[in-house]
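**Student:** Input: one structure, supplied below.
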Amino acid sequence: MELRKDDYGMELTAILHRPMSEYAFPLDSRHMVFRLRSKREDLKEVTFWYADRADMSSELPFTPKEMPLARRDMLYDWFEITLETDWERIAYYFELNDGKEKIRFAGEVFEKENAHIERSEYFQYPYNHRADIPQVPEWIRSAVVYNIFPDSFADSTRHISGEAHTAEYRGLRCESLNGGTIRGITENLDYLQELGFNCIYLNPVFTAGAYHKYDLLDYKHIDPCFGSDDEFREMVRQAHEHGIRVILDGVFNHVSQYHFSFQDVLKNGKGSDYYDWFYSLPDPVRVPKDDEMPGYTCFSYVANMPKTDTSCPALRDYFCDVGTYWIREFDTDGWRLDVANEVNDDFLRCFRKSVRSAKPDAIIIGEVWENAEHYMHGDMLDGAMNYDFRRFCTQFFAERILTAEEFDLRLSSLMMRYSARMLPAQLNLLDGHDVCRFLTLCGGDLDKMEAALVFQMTFPGMPGVFYGDEKGMTGLSEAEYRQPMKWNDKSPLEGIYRTLIGIRKENPALTRGRYETVQAKDGLYEYRR
């Protein structure tokens, strides 16, 4: 007998399970994780019943296992079990107990325990196929990432001029605001190594117009304001000698209006070989005046950044070639994809395959500000920039508007939104080139900053540090938080970063261990790995 919502006291509408998702996924060929969500404090007990779905018995012989409560947020509880088995095919269901009654949840249907159903009507994990087990690079578990905004970091050893200059590229103007260079990064690799960083993520370094380099002109050359291709090659070589990997920023959602392809469209309209490279172009295509809205799709309505159509096969191949070029020719170690949630899924799949063919342990991180679960199945992205991590840390450590319990409840959403295999590749940042400095949010309070850093360096995922945070740099506006690196400033934060990174590297539990909340009350948040 199938049950209706009102037949039982437990809140059936809150109960959720999806096979082959973040609610049912393999860790490896012998271990699988199953999760069930229910209304907060509604269920007293959940039992997981499983069987070999290929068993030839007339009735499947199910085995029960208790599902412990794993996490809790404001609305829901999550129960979770890690199943060790040699079976590749699993039929399963859940027995739900609210302390008064028990029901069976099988195949998205709620039923009385004694109701007869066919073996095909249970939840199914059809086959734990090894080719479908998400694979993220092993090195990311111990990665501590330093994010460099190239124009603002350095032009030589422990120095940056802070002076603007321009350079010419094929008749086009390239700008620098603060004078940072590739050579400046190279000459300060020892500084990063001494602090303990073993990976750098560079905001765009390719030829572009503005100082930020998100308006791309040429994807296969270093911007002349930053230096040469050979200088970049040497920087990567020396970074690897220092035990530091290099991740590049890939801007594929849009190009500059001065990119050769868009210029050809402006000249030839629909007759251009590149007309299909762009998203929703009118005919004819015209660059608007300053006070006009663009008549074509752009990044954030910025006329100088026309949006590309990454579903176009020719453009997809062009960008995939860019993705492998910098790995093949310069030995880089992966990509951070700008505006990853605005390019189409198939492009992300193709880009990932291309990059992994060039370097099997290259990482691909997406700029996704919201829940990125859609992309976290091992075929599009390895990880995303974890802005929700930043938001919750801001509210708890800096602004003190969350209680310890509320902070823990919000962390549950971070822990449960992805499969356990994808969690280590999330880039946990406190600030970056698009948001104000975390120390500013702390009101300059170093104790608040230090508490947040302790948490950042011990939470699952890759800690991401924006250049100069260790120097105590502050800033609310773009001009402030992208200001030149303050090489001459001294801050206790340098020693704090050095110590915490060292602790993280020396303790495998901090990179591989389970995360468990011990208590969260009276302003105290206690957890263990």
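The values are calculated or read from the model by the stated rules, or taken from the named source; none is laboratory data. Only a predicted model underlies this, so the values are computations on that prediction, with no experimental measurement involved. Reconstructed Cβ throughout: ideal geometry from the backbone, glycine too, with neighbour counts over all protein chains shown. The protein model used for the area step is the full one, side chains on, heavy atoms only, and it has no ligands, DNA or RNA in it. Shrake-Rupley method; radii C 1.70, N 1.55, O 1.52, S 1.80 Å.
**Student:** Placing +1 at every Lys and Arg Cβ and -1 at every Asp and Glu Cβ, with all other atoms neutral, what dipole size does the stretch 258-299 have around its Cα centre, in debye to the nearest 20?
**Tutor:** Computed about the Cα centre, the dipole is about 80 debye.
**Student:** Next question, about the same structure. Grab the Cα-Cα distance for E66 and E231, subtract it from 0.36 nm times how many residues apart they are, and report the gain in nm with one decimal.
**Tutor:** Working it through step by step, the gained length comes to 53.6 nm.
**Student:** Quick one: net charge around F330, please, counting Lys, Arg +1 and Asp, Glu -1 for every other residue with C-beta under 13 Å from its C-beta.
**Tutor:** With Lys, Arg at +1 and Asp, Glu at -1, the net is -1.
**Student:** Name the aspartates and glutamates eligible as straight-distance cross-link partners of K267: C-alpha to C-alpha under 18 Å, and not fewer than 8 places from it in the same chain.
**Tutor:** D276, D283
**Student:** Just how large is the dipole of the stretch 163-299 about the Cα centre, in debye to the nearest 20, putting +1 at every Lys and Arg Cβ and -1 at every Asp and Glu Cβ?
**Tutor:** So the magnitude is around 320 debye.
**Student:** Roughly what % antiparallel, to the nearest 5, for the DSSP beta bridges in the chain?
**Tutor:** Beta bridges within the chain, antiparallel portion: roughly 70 percent.
**Student:** Now a separate question. Picking from S142, A154, L177, whose Cα lies most toward the positive end of the charge dipole for the stretch 129-177 (charges on Cβ: Lys, Arg +1; Asp, Glu -1)?
**Tutor:** It is S142, whose Cα lies furthest towards the positive end.
**Student:** What is the sum of charges around K353, taking Lys and Arg as +1, Asp and Glu as -1, for the other residues whose C-beta is under 14 Å from the C-beta of K353?
**Tutor:** Net charge in that neighbourhood comes out at -1.
**Student:** A follow-up question, please. Please compute the modelled spin-label separation between R512 and E292, points set 7 Å along Cα→Cβ, answer in nm with one decimal.
**Tutor:** Going from the E292 label point to the R512 one covers 6.1 nm.
**Student:** Follow-up question, since we're still on this one. Given +1 on the Cβ of Lys and Arg, -1 on the Cβ of Asp and Glu, and no further charges, what dipole in debye does the stretch 391-529 carry about its Cα centre, rounded to the nearest 20?
**Tutor:** 560
**Student:** Which entries in K448/K486; K220/K505; K213/K505 show an alpha-carbon gap greater than 24 Å?
**Tutor:** Beyond 24 Å: K220/K505; K213/K505.
**Student:** Continuing with the same structure: Put +1 on the Cβ of every Lys and Arg and -1 on every Asp and Glu Cβ in the stretch 42-88; which of L69, T85, S58 then has its Cα farthest towards the positive end of the dipole?
**Tutor:** Farthest towards the positive end: L69.
**Student:** Another question, then. Between the stretch 444-478 and the stretch 94-116, what is the separation of their alpha carbon centroids in Å?
**Tutor:** Here the two parts' Cα centres lie 47 Å apart.
**Student:** Compute the helix-to-body angle for 404-416: its Cα long axis versus the longest principal axis of the chain, expressed 0 to 90° and rounded to tens.
**Tutor:** 90
**Student:** For the stretch 422-493, give the percent of accessible area contributed by carbon and sulfur heavy atoms, probe 1.4 Å, rounded to a whole number.
**Tutor:** After summing per-atom areas, the C and S share lands at 50 percent.
**Student:** Right, here's the next one. Given the protein chains as shown and a 1.4 Å probe, how many square angstrom of S156 are accessible, to the nearest 10?
**Tutor:** Its heavy atoms expose roughly 40 Å² to the probe.
**Student:** Could you name the lysines whose alpha carbon sits less than 19 Å from that of K39, not counting residues in the same chain fewer than 8 places away?
**Tutor:** Leaving aside lysines fewer than 8 places away in the same chain, those within reach of K39 are K5, K100, K102.
**Student:** Pairs of Cα atoms under 8 Å, at least six residues apart: use those to get the relative contact order of the stretch 185-298, whole percent.
**Tutor:** That works out to 22 percent.
**Student:** Sticking with this structure for a sec: What does the net charge come to around W369 if you take all other residues with beta carbon closer than 14 Å to its beta carbon, with K and R at +1 and D and E at -1?
**Tutor:** -4
**Student:** Report the relative contact order of the stretch 227-294, percent, no decimals, based on alpha-carbon pairs under 8 angstrom and at least 6 residues apart.
**Tutor:** 16
**Student:** Straight-line reach from K471: which aspartates and glutamates fall under 17 Å, measuring Cα to Cα and dropping same-chain residues less than 8 apart?
**Tutor:** By straight Cα distance, K471 reaches D190, E194, D431, D445, D447, E450, E480, D489, E494.
**Student:** Suppose the chain between I117 and K39 were pulled fully straight at 0.36 nm per residue; how much longer would it get relative to their current alpha carbon spacing?
**Tutor:** Extra length from I117 to K39 when fully extended: 25.5 nm.
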